[in-house]
1. Compute log10 of I(q)/I(0) for chain B with the Debye formula, placing one identical point scatterer on every Cα and leaving out solvent, at q = 0.06, 0.13 Å⁻¹, to two decimals.
2. Enter the buried accessible area of the C/A pair, total of both sides, probe 1.4 Å, in Å² rounded to the nearest 100.
3. Computing the accessible area with a 1.4 Å probe over protein heavy atoms, can you report the carbon and sulfur percentage for chain B?
4. Restricting to chain A, what percent of DSSP beta bridges are antiparallel, rounded to 5?
5. Per the helix-only calculation at 222 nm, which mean residue ellipticity applies to chain B, given -39500 (n - 2.57) for every DSSP H run of n ≥ 4 and division by its residues, nearest 500 deg cm²/dmol?
6. Looking at the calculated P(r) for chain C, what percent of the C-alpha pair distances fall above 28 Å?
7. Rounded to the nearest 500, what is the 222 nm mean residue ellipticity of chain A from helices alone, with -39500 (n - 2.57) per DSSP H run of 4+ residues and division by all residues?
8. Any idea of the accessible area per residue across chain A, 1.4 Å probe, to the nearest Å²?
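The values are calculated or read from the model by the stated rules, or taken from the named source; none is laboratory data. Small disclaimer: the values here were computed from a predicted structure and weren't measured. Methodologically, a virtual Cβ is constructed for each residue, glycine included, from the backbone with ideal geometry; neighbour enumeration extends over all protein chains shown. These accessible areas exclude ligands, DNA and RNA; they are computed on the full protein's heavy atoms, side chains included. Shrake-Rupley method; radii C 1.70, N 1.55, O 1.52, S 1.80 Å.
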Amino acid sequence: MTPNPQLTDTGALRHLLTIEGLSAKLIHSILDTAESFVSVGEREVKKVPLLRGKSIFNLFFEASTRTRTTFEIAAKRLSADVVNLNVSASSQSKGETLLDTVDNLSAMGADMFVVRHAQSGAAHFIARHVAPHIHVVNAGDGRHAHPTQGLLDMFTIRRFKKDFTQLRVAVVGDVMHSRVARSEIHALTTLGVPEVRVIAPRTLLPKGVESLGVHVFNDMQAGLKDVDVVMMLRLQNERMSGTFLPSAQEYFKYYGLTADKLKLAKPDAIVMHPGPMNRGVEIDSSVADGGQAVILPQVTFGIAVRMAVMSMLAGA
Amino acid sequence: MSMKIHIKNGRLIDPKNKIDRVADLYIAAGKVVSIGKAPEAFHANREIDASNLIVCPGLIDLAARLREPGFEYRATLESEMDAAVAGGVTCLVCPPDTDPVLDEPGLVEMLKHRAKSLNQAHVYPLGALTQGLAGKVLTEMAELHDAGCIGFSHADAPLIDTTLLMRAMEYAATFGFTVWLRPQDFFLAQDGVAHDGEVATRLGLAAIPACAETIALSTILFLMRETGARVHICRLSSRDGVELIRQAKAEGLPVTCDISINHAHLCDRDIGYFDANANLMPPLRDQRDRDALRAALADGAIDALCSDHTPVDEDAKQVPFAEAETGATGLELLLPLTLKWATEQKVPLLDALAKITSEPARILGLNNGHLGLGQTADVCIFDPAAPWRVEARALKSQGKNTPFLGYEMLGKVRYTLMAGHGVYEG
Amino acid sequence: MKLPDPEQLTQQLALAIKPRLRANTVLVGIHTGGAWIAEKVQQQLGGKLPLGTLDISFYRDDFSRIGLHPQVTPSAISFEVEDAHVILIDDVLHTGRTIRAAMNELYDYGRPASIELAVLIDRGGRELPIAADMVGARLDLTENQNIQVTLDPNNKLTLSLHER
């Protein structure tokens, strides 16, 4: 069996591929490092020279403007040189293999790859093949993992709620197809959250999801009761009509977060969403724009967390 | 050529004839002439000292893809036949999913002719059950049988039209041909690459539930009751599937089945960190399924072990898991993995070796896979204790793709004889 | 070697800084030792001077060799650096690299009118052309010796000498 490519022989982080397997201590140290980077973002000159001279390649096989942009901003704030590759348009269509693409870019002096790919395991695959000095950050692979999203979500919770060990957290939506959900669940359970709930219709819950350490709720009313954090997941268009769900309307009625349903949670519960939001499908505008939503801070924190991840890897 | 061969001091294990003792084997004119005592005036041209070695019938592999015709970039007949005899295999069955598909007598004749000219293992092709394996039109099964097809298979191609499946089974039953089918519901398995369970959930892989196998298997068994066809079920993977087979056999249905060496040992956890070598069809299921398969092989509900040899070129595995071509190389692992199963499952060697000699012979309806007097001397002589590491350079097959890469194996073939003639020496 | 009293040295620094104060003077202490000293100096000078702290972890020149320090505290500069007279305060001046990093970081906040450097201990061993304007005490140490400033539970500075 292949060894875990995420860690070095001594257990240090060589790549960030998935939250699964990271210790609580390591996660907290990433969040602590991110704290310092938040203040950088509040200065006039939002740059530090940490990664000056390093080349970071954003290798996005799946189109994404927002994630790619935050990684780009984070890298530039570290004074790194950033190259954006929207690979879906170019060499892949000419039949170049994934490995050839990676090898060619490595030959151009890449120090770090930030990779998003439609296939689960793609980041692991690339990490197994790059030269020892190159680091890989998984920006989302298929349904498997989106570790920086999981980390920034934990950073947000820590900012607003402080102590993970006293929380009830609900993850709502298409868990089956969501890499964000998997990363969030791994992070929450690792950080000691005593009750992690998933709320979804059965068609959107993968087989054996309890084995991830979650309590399953099909009834959103029951699932949101006394919850401290509500983490909404985006419902993709493909799921909305046909074989997983009959319609967006029925989904919104039973699984969408409205102000009324939010009242079932604790009065100081926070509402999170990885974005982009489908208003009126998984979340009502009044909630998304309301006082309990921390969706915009998530975005700001996302830059600091990614700066932390990239500088920790580059300095390893 | 009247070669006289004396294999001495070996532990002779012949499952069909229930022999397991140290005994010399005497071969003349390509046939077994005596066991234990030298025949009158026997002067051996060649002596093989099999001390501390096991002498058994040449292995029979019920599924080995040779990749010819059409897929020569993955492997050639030469390289795979070399691999076969290096693995002690003297007789193998190849599925019809070549390019073009084996649905024309001419193609079958050519393949048989090519294989025969190499003078290594016997090749028994399975003919395609439908034209082009497209699942729409029956093939000329009688003609194909005359050309040398030992049975008819649909390989891994979907056969969605139940009426056509029933007709194909009825037609095969007309002539007494065996239909070889791998049970998998096309719709439930669509896009899936891993077993629907905790591992696929964790790894975010599109999944195939076990019921994809049991639903298809139930359909096949009911059609057997309708048509009276004889069916060999290929590559069972689930514990529920095992139970269905058990019931069918208890009922007296003419069904046999096999599992691959991969499924006898591995489960979905062996995908590890997305190892594309563990991308197999049917998928590796969970530990309970694997344990049920191993136990069923021991108690006879499952009849035989095969390699399911599928050489894949390196590029096709050097991609993210779900994009990889499925399949694993296996001709050279059939013997050591059978031995490993026997040791772990505490099955005596006599019974274990039956799974790759006399039982496959029975399934094929051939009088081989044993070393009775007068029998053609297809022999495998191996060292059960010889350790070796599974790595690319240790394999003769062009396919280096196996989830067992890096594993330490016990069991190495020292000599393989075809009709007394040495075809491999290790 | 008899070590000087760091509390006394701090008082000496405050006295040395006093005549150099201008209308636009700000105090900036470098984490961690320099920050403690800067706070004490600010108190001794009346408690009203703007006080900031710098954590230079992100500006070090040895990042690619030793990586990111696990304990990074955010820098805190709440005043305008542009056109300010900055008195940079640190505990031990050795190679000069920390001061180089601190000045680089300071410049990312704005362009100061001038920078003066006050250190508690100058132990020599400079590797860059950096000099302190105000020094509490000069100590001649070998490469194997390491001097550290710590804060005891009673909020008193202490000095300790370690042999490697």
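1. So the normalised log intensities work out to -0.23, -1.12.
2. Values: alone 8990 and 13700 Å², together 21380 Å².
Protein heavy atoms only, the C-A interface buries about 1300 Å².
3. Values: 7720 of 15780 Å².
Solvent-exposed carbon and sulfur of chain B make up 49 percent of the total.
4. Details: 2 of 37 bridges.
In chain A, approximately 5 percent of DSSP beta bridges are antiparallel ones.
5. Values: 14 runs with 131 residues, N = 426.
So the calculated ellipticity at 222 nm is -9000 deg cm²/dmol.
6. Details: 2288 of 13366 pairs.
So the pairs more than 28 Å apart make up 17 percent of the total in chain C.
7. On the way: 12 runs with 121 residues, N = 316.
Helix-only estimate at 222 nm: -11500 deg cm²/dmol.
8. Numbers: 12080 Å² over 316 residues.
Result: 38 Å² per residue.
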